[in-house]
Amino acid sequence: EWLEAWAHTERLLGEPQRVTEASGARLAIAIVSSRDQVYPQWWHEVVETYPRMQSQTWDLDAPQQRIEAWCAQHGVPCVALAPSFREAAARGGEPLHFHHDGHWTAAGHRLAASVLKNFLEQHDLVPARQQGARNEIH
């Protein structure tokens, strides 16, 4: 079932690529982090809550890696946010995801905006900034 679901997902990813390229633009993909990728202790809480999950081996980066592989194969620039979120979380400070539902906190939104801005600029996916334009995210 999972292999079928992934094959379907990969077919679906081809459609926005075709539509985007037909309009003269480039598709880019951002892979959003999950709270469990960033805060492993929260994932352990989930596994401990559901004993049947304990007999399985879980690779929380597998979906991200699958999308990254598709992007590489199809020449689609992509950025995974989990590595940057993990690095920031390891340094401490404000949580980046809410514990109760996994959504980003304000700090998570700021980090995502910064990572995405850099990604878009590095891949020439946004117009060049004009002289004197502000170069910060609010």
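The values are calculated or read from the model by the stated rules, or taken from the named source; none is laboratory data. Bear in mind the structure is a predicted one, so any value in this text is a computation, not a measurement. Here the Cβ is made from the backbone with ideal geometry for all residues, glycine too, and neighbour counts use every protein chain on show. With ligands, DNA and RNA removed, areas are computed over all heavy atoms of the protein, side chains included. Shrake-Rupley method; radii C 1.70, N 1.55, O 1.52, S 1.80 Å.
Among the residues making up region 10-19, a single one is open to solvent by less than 50 Å² (accessible area, probe 1.4 Å) and free of Cβ contacts under 8 Å to residues at least 60 places away in the same chain: Gln17. Quickly run through region 33-65 and pick out the residues that are of a type in the set (D, E, K, R) and under 12 Å from the mean Cα position of the chain (by Cα). Within region 33-65, Arg35, Asp61 meet the criteria. Looking at this structure, is Glu45 in contact (Cβ under 8 Å) with a residue 60 or more places away in the chain and either within 23 Å of Asp101 (Cβ to Cβ) or open to solvent by less than 90 Å² (accessible area, probe 1.4 Å) (or both)? For Glu45, the condition - in contact (Cβ under 8 Å) with a residue 60 or more places away in the chain and either within 23 Å of Asp101 (Cβ to Cβ) or open to solvent by less than 90 Å² (accessible area, probe 1.4 Å) (or both) - is not met. None of Ala106, Ala112, Ala62, Ala69 is among the small types (Gly, Ala, Ser) and in contact with an Asp or Glu (Cβ under 8 Å, 6 or more places away or on another chain) except Ala106. Out of contact with any His (no Cβ under 9 Å at 6 or more places or on another chain), modelled with pLDDT of 95 or more and β-branched (Val, Ile, Thr), is that true of Val47? Against the criterion (out of contact with any His (no Cβ under 9 Å at 6 or more places or on another chain), modelled with pLDDT of 95 or more and β-branched (Val, Ile, Thr)), Val47 does not qualify.
Figure legend. Inter-residue proximity from region 60-80: first residues on the phi < 0 side of the Ramachandran plot and touching a residue at least 40 places away in the same chain (Cβ under 8 Å), second residues crowded, with 17+ Cβ neighbours inside 10 Å and among the aromatic types (Phe, Trp, Tyr), beta-carbon distance below 8 Å, spacing 6+ or different chains. Indicated pairs: Val76/Trp70; Pro77/Phe119; Val79/Phe119.
Identify all residues within region 76-91 that are charged (D, E, K, R) and closer than 14 Å to Asp61 by Cβ; write none if there are none.
Restricting attention to region 76-91, the residues satisfying the condition of being charged (D, E, K, R) are 86-87, 91.
Arg86, the sole residue that qualifies.
Screening region 20-33 for residues that are at pLDDT 95 or above and under 29 Å from His100 (Cβ atoms) and picking the one that is most open to solvent (accessible area, probe 1.4 Å) gives Val32.
Take region 72-95 and flag every residue that is more than 25 Å from Leu27 (Cβ to Cβ) and under 13 Å from the mean Cα position of the chain (by Cα). Correct list: Arg86 only. Among the residues of region 1-8, is any surrounded by 12 or more Cβ atoms within 10 Å (Cβ to Cβ), on the phi < 0 side of the Ramachandran plot, without any contact (Cβ under 8 Å) to a residue 60 or more places away in the chain and not charged (D, E, K, R)? Among the residues of region 1-8, not one is surrounded by 12 or more Cβ atoms within 10 Å (Cβ to Cβ), on the phi < 0 side of the Ramachandran plot, without any contact (Cβ under 8 Å) to a residue 60 or more places away in the chain and not charged (D, E, K, R), which makes the answer no.
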